[in-house]
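Novice: Submitted below is the structure of interest, expressed as structure tokens.
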Amino acid sequence: MDLSKEELELLKKAYKLMRNTHNKYQPETETAISDFESKYGSIPSEYRYLLKEFGGCHFADPWIFTLNELAHAVVSGYEHTNIVSSDNAFPVGGVGDGSTVYIMNDTSGIALLPHDIYVESLDDLEIIADSFKHLILELATQFIELDEQISGRN
């Protein structure tokens, strides 16, 4: 993932704040990522970068899967729908209501597959971001702003 210096600093700040309350989010090792990929297939490059450099995250919904959460999503996620498959999307996160977030293979857009709403085709999925990078930076920005509001820092 190509990040400017400002974007990289934004992610570092958000991860530092998040780790104060969610210490399970740590960078994944290259070995762990490679082991996952040999078992389940390639991880999209921007998501792979985030996992290796920062780890999964839960700034706000949607949260971004850790490698362990991703393994569960890959094993069970495609079983629950006939719309999303490994050919057209890759799971990257979830929402508290049980919905799953995917990187769409054809557009690199980020789509939400609702947990409790029937969809008939990929066109029915809600696109929530133009790219994984856009999603992560937006979540980090929201998280930092919320932390500043709660703590009274502006």
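Only the coordinates and a few stated rules stand behind these numbers; no lab work does. Treat the numbers as computed from the prediction; the structure is a model and nothing was measured. Note that we place each Cβ from the backbone using ideal geometry, even for glycine, and neighbour counts take in every protein chain shown.
Novice: With a point put 7 Å past each Cα toward its Cβ, work out how far S151 is from D124 in nm, to one decimal.
Specialist: 4.4
Novice: Hey, another quick one. If you fit an axis through the alpha-carbon atoms of helix 5-19 and take the longest principal axis of the Cα set of the chain, what angle between them do you get, 0 to 90°, nearest 10?
Specialist: Between helix and principal axis, roughly 90 degrees.
Novice: Compute the whole-percent fraction of alpha carbon pairs in the chain spaced more than 24 Å apart.
Specialist: Looking at the chain, the distances longer than 24 Å represent 32 percent of pairs.
Novice: Next question. Can you give the FRET efficiency to the nearest 0.05 for S4 and S34, using r as the Cβ-Cβ distance and R₀ = 25 Å?
Specialist: Result of the calculation: an efficiency of 0.35.
Novice: Write down, largest first, the equivalent ellipsoid semi-axes of region 1-71 in whole Å, where each equals the square root of 5 times an eigenvalue of the alpha-carbon gyration tensor.
Specialist: Calculated on Cα positions only, the semi-axes equal 21, 15, 10 Å.
Novice: What distance in nm separates the two pseudo spin-label positions at N23 and Q142, each 7 Å out from Cα along the beta-carbon direction?
Specialist: Output for this residue pair reads 2.7 nm.
Novice: Enumerate the amide H contacts of G55 below 5 Å, restricted to partners 5 or more residues apart or on another chain; note that Pro and chain-start residues carry no placed amide H.
Specialist: Sorted by chain and number, the residues that satisfy this are E28.
Novice: Okay, moving on. Mind checking which lysines have their Cα closer than 24 Å to the Cα of K13? Skip sequence neighbours fewer than 8 apart in that chain.
Specialist: K5, K24, K52, K133
Novice: List the trypsin sites (Lys or Arg not before Pro) within region 14-116 that DSSP assigns to loop and that have no more than 15 neighbouring Cβ atoms inside 10 Å.
Specialist: Here the trypsin sites (Lys or Arg not before Pro) that fit, given the DSSP loop and packing criteria, are K24.
Novice: Next up: Mind listing the long-range amide H neighbours of I128? Cut-off is under 5 Å, sequence gap 5 or more, other chains count too, H placed in the peptide plane at 1.01 Å from N.
Specialist: I110, A111, L112
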